[in-house]
């Protein structure tokens, strides 16, 4: 009888010990964070505050936790207080498969008191990093342009609400015809751009019913295509990475680079509208 009692007490003790260890390994109950909307704050030298921040890359207490589309619920496993850091994510070159945190937007960090099971909603306002160098911004709202029309079809600045970004100011219109099937814009003045893989981006708002090409010309004659942009019925924003075409050998540090935008007639009545062009590097 004592033998059975010994077995019972041994098994009971093992179960109690295992249960205590299991409880000690449980994570704290998760809380949740929702970034319901985002905005961009710009200075007078940084151009329009238009953006296309699609994702949030987030860290909790310095540890990367994941990437979620804006509006989605993001889990936070922490006790009492957590330091949360948010990075603004974009679609590099407008491609969904190449999402990344945009290096020219400043991260946002804040401390949050955590209560288990609670959901916290924030609406972060991002800014450009102080190291971002704006070679130029072009909004077509006032006289003067960084671009010249060099195609056989002339470009014009339009100001009617139906054809401008946000319905105010001006936008650049590129149209073509059978007689003049090519439209091309060329940055008037060559500028120095960093090579060696340093980040260079062209930001652009556009609306178009056919595709067009963006690239750079190095040294006045070396034309390099960076990206073909597809039609968009509504105004869209894109972040075009120029790093590869600028850093490709040979480089033209002393002679500089010129951005070009080119289109050849593809549809019956081509319409390409451009606005808020920004050339940025570090």
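What follows is calculated from the coordinates using simple rules that are stated; it is not laboratory data. Only a predicted model underlies this, so the values are computations on that prediction, with no experimental measurement involved. Cβ placement follows ideal geometry from the backbone for every residue including glycine, while neighbour counts extend to all protein chains displayed.
Within region 133-281, the proportion of Cα pairs with more than 26 Å between them is 21 percent. When both region 66-135 and region 197-234 are represented by their alpha-carbon centers, they are found 27 Å apart. Taking each residue as 0.36 nm, the span from residue 100 to residue 63 lengthens on full extension beyond its C-alpha to C-alpha distance by 11.6 nm. For the chain, the longest principal axis of the C-alpha atoms and the axis of helix 2-25 are separated by about 20°.
Express in % the proportion of alpha carbon pairs of the chain at distances exceeding 37 Å. The calculated P(r) of the chain puts 31 percent of pairs beyond 37 Å. Give the residues of region 127-150 whose amide nitrogen is closer than 12 Å to a point set 7 Å from the Cα of residue 189 in the direction of its Cβ. It comes to 135-137, 145-147, nothing else.
Dimensions of region 31-127 from C-alpha coordinates, computed as largest minus smallest value along each principal axis and given longest first, are 41, 31, 21 Å. With contacts taken as Cα pairs under 8 Å and at least 6 residues apart, the chain reaches a relative contact order of 19 percent.
Going by neighbour counts of Cβ atoms within 10 Å, the residues 251, 45, 54 line up, fewest first, as 45, 54, 251. Maximal additional length on extending the residue 156-residue 232 stretch stands at 25.4 nm, based on 0.36 nm per residue less the C-alpha distance. Relative to the current alpha-carbon distance between residue 271 and residue 45, full extension at 0.36 nm per residue lengthens the span by 78.4 nm.
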